[in-house]
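Throughout, read-outs are computed from the coordinates displayed, never taken from laboratory work. The structure displayed is predicted, hence computed values, not measured ones. Cβ atoms come from the backbone with ideal geometry, glycine included; neighbour counts cover every protein chain shown.
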Amino acid sequence: MGLEAALAHLAGLCPPPERPVAANGNFAAVFAELGATLPADWLALVSRYGYGTFGDHVHLWSPFFLPSTMMDQARVALEADRALARMHPKAVPFALFPDAQGALPWANTDNGDVAYWLT
């Protein structure tokens with residue numbers, strides 16, 4: 001399934017808001033701040049849905065949501081991951097952003113789970 005088909009399927013399950021919060025901004029500035037580009041599917045998701053919650057459980061972060069941008073939220077999650085890795089190295093079996101192919105967080109859940117993609 002291609003990106004547009006997947007987004008159409010998602011919209012059938014969970015229609016995007018009429019006026020999504022913090023859905024648009026300067027993605028080039030975000031890429032410059034991160035030193036990395038972000039996946040096209042995530043960019044499309046944020047552009048359609050903005051900062052918000054799916055099913056009262058999964059919280060999508062936006063790089064344009066103030067006072068807490070996606071980058072701010074990712075830094076907090078990565079700090080916690082690094083602290084855990086120092087105490088229990090096997091608990092974090094993957095590289096963390098900004099390391100090469102490091103995991104970069106982009107969403108979280110009410111249960112404390114964090115969604116990542118590999119850069």
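Taking every DSSP bridge with both residues inside the chain, close to 90 percent are antiparallel.
Sum -39500 (n - 2.57) across every DSSP H segment of at least 4 residues in the chain, then divide by the residue count to get the 222 nm mean residue ellipticity, nearest 500. Display every interim value, and only then the final one.
Details: 4 runs with 47 residues, N = 119.
For the chain, the value works out to -12000 deg cm²/dmol.
Against the chain, whose longest principal axis is taken from its Cα atoms, helix 40-49 shows a tilt of about 60°.
The stretch 83-119 and the stretch 4-79 have Cα centres spaced 18 Å apart.
Extension gain Ser68-Asn26, at 0.36 nm per residue separation less the Cα-Cα distance, in nm?
Fully extending the segment from Ser68 to Asn26 adds 13.5 nm.
About the Cα centre, and with charges only on the beta carbon of Lys, Arg (+1) and Asp, Glu (-1), how big is the dipole of the stretch 21-89? Nearest 20 debye, please. Don't skip to the end; give the middle numbers.
Numbers: 4 positive and 6 negative charges, 17 e Å.
It works out to roughly 80 debye.
When only alpha carbons of the chain are considered, Rg and Dmax amount to 14.9, 45 Å.
Taking the longest Cα principal axis of the chain as reference, the axis of helix 3-13 is set at about 70 degrees.
For the stretch 11-119, the list of GluC sites (Glu not before Pro) that fall in a loop by DSSP and count at most 11 other C-beta atoms within 10 angstrom reads Glu18.
Considering Cα pairs under 8 angstrom that are at least six residues apart, work out the relative contact order of the chain and quote it in whole percent. Let's see the in-between values first.
On the way: 137 pairs, mean separation 23.1, N = 119.
RCO, the chain: 19 percent.
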